[in-house]
Amino acid sequence: MTEPALNAELIGLLRSPGAKSPMHVEGDELVADRGAERYPIVGGVPRLAGEAYVGSFGRQWNRYDVARIEEDEATFEAKTGVPPHELAGRLVLDAGCGGGRYAKLVGGHGAKVLGVDLSSAVEKASELCAGLPNVQIVQGDLLDPPVAVAAFDLVFSIGVLHHSPDPRRAFAEIARRVRPGGRLAVWLYRRNTPPQEWLNSGLRALTTRLPARVLEPACVGLGALGSVPVVNRTLNKLVNFSAHPDWTLRVCDNFDWWAPPHQSHHTLHELLAWFDEEGFEDLVELAPMKSGRLYRWTYDHDLIIGSGVNVAGRRRA
Ligand SMILES: C[S@@+](CC[C@H](N)C(=O)[O-])C[C@H]1O[C@@H](n2cnc3c(N)ncnc32)[C@H](O)[C@@H]1O
């Protein structure tokens, strides 16, 4: 199989993890600092960091096919506030691209997209975006993004920063990549009520220690539970399991919740303060996708496990 071609413009926006200098391609390596830094390019993906603590994500995104174009369009618009038809020609950073469903969508609408993720999910992302020369996937760490600062029209990060050991620092780092006047949109897990938080962290202290071969069947079991209408509207206010109508997404969502070692939960107030501290204005709280009075009441009272806090803003010019 031929390797996907590298996008020279997007590669030009990479900065080396060490000296933070521009990089160039030499054979199957990216090279910086007069040869002092060398990073392999494998399967068309520059590897500027190792998988570290995100092995569960490499596993899940390579295993489950979760891209669903119509749903992904609706989710992208809801979680960034950007209508996909406005993306053409924009320079976009997908901060934590996972298996690439949003990078593909944004690239498909004509934007130039750099998708960065720490896990081996970059392999799935690269495969998914193979037909889009305007998308470049890179394995890198958002706590020290190997990417030029103040460069992007839009930086978005959907469900990512709360999986790092230092979400505040990761937020500051991705915020710096937005050009003055550009847009940043971030979705993070919402902090639930204290009893829900205690129960969840107690259970996760166990599940995150389980090997995947044990946890995965448990997530399949929760997937079955998620298909029972009454159960999935009541019991999952206590412990999280997905009620997504699509079986694959349900099982993947369950694994996504119970496997990763880092998972922090945040308040709207906290996220708004981060935007403000990093020099963003015109802040908007983006509403959840689901509607209905009961849903909105439980959401506003922080009762929905797995729901988010979601803010977008513009970097001061
Ligand atoms: C729940 S997934 C979301 C992926 C994608 N945004 C989506 O919604 O499909 C979280 C992703 O964050 C990535 N991640 C976590 N910490 C990271 C870090 N420090 N740098 C880069 N990626 C990171 C994980 O590898 C994982 O793919």
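The values are calculated or read from the model by the stated rules, or taken from the named source; none is laboratory data. Just so you know, these numbers come straight off a predicted model, no measurement behind them. Here Cβ is always computed from backbone atoms with ideal geometry, including for glycine, and neighbour counts include all displayed protein chains. When the accessible area is computed, the model is the full protein with side chains, heavy atoms only, and any ligands, DNA or RNA have been set aside. Shrake-Rupley method; radii C 1.70, N 1.55, O 1.52, S 1.80 Å.
What the table below lists for this structure:
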| item | result |
| --- | --- |
| Helix 212-225 axis, angle to the chain major axis (alpha carbon atoms, nearest 10°) | 50 |
| Estimated Rh, the chain: Kirkwood, alpha-carbon pairs, angstrom | 20.0 |
| Alpha carbon centroid spacing (whole Å) that separates segment 170-192 from segment 276-297 | 14 |
| Charged-residue dipole, Cβ positions (Lys, Arg, Asp, Glu), segment 209-258 about Cα centre, Debye nearest 20 | 180 |
| Reciprocal of mean inverse Cα separation for segment 191-317 (Kirkwood radius, Å) | 16.1 |
| Residue order for 79, 20, 124 - accessible surface, 1.4 angstrom probe, largest first | 20, 79, 124 |
| Segment residue 276-residue 130, extension gain: residue separation times 0.36 nm, minus the distance between their alpha carbons | 48.8 nm |
| Around residue 96: net Lys/Arg minus Asp/Glu count, Cβ-Cβ under 13 Å | -2 |
| Using a Förster distance of 25 Å, the FRET efficiency for residue 63-residue 296 (Cβ separation, nearest 0.05) | 0.15 |
| Cα-derived Rg to Rh of segment 30-116, Kirkwood definition | 1.04 |
| Dipole in debye (nearest 20) - the chain, about Cα centre, beta carbon charges: Lys, Arg +1; Asp, Glu -1 | 560 |
| Proximal lysines relative to residue 290, as straight alpha-carbon distance under 19 Å, when same-chain residues fewer than 8 apart are discounted | 79, 237 |
| Between segment 28-106 and segment 193-231, the alpha-carbon center distance in angstrom | 27 |
| Hydrodynamic radius (Kirkwood) for segment 209-258, which is based on Cα pairs only, to one decimal in Å | 10.6 |
| Within segment 108-219: Cβ-based charge dipole about Cα centre, in debye rounded to nearest 20 (Lys, Arg +1; Asp, Glu -1) | 320 |
| Residue-averaged 222 nm ellipticity for the chain, from DSSP H runs of 4+ at -39500 (n - 2.57), nearest 500 | -10500 deg cm²/dmol |
| Gain on full stretching of the segment that runs from residue 235 to residue 5 - 0.36 nm per residue minus C-alpha separation | 78.0 nm |
| Fraction of alpha-carbon pairs over 23 Å apart in segment 147-232 - percent | 47 |
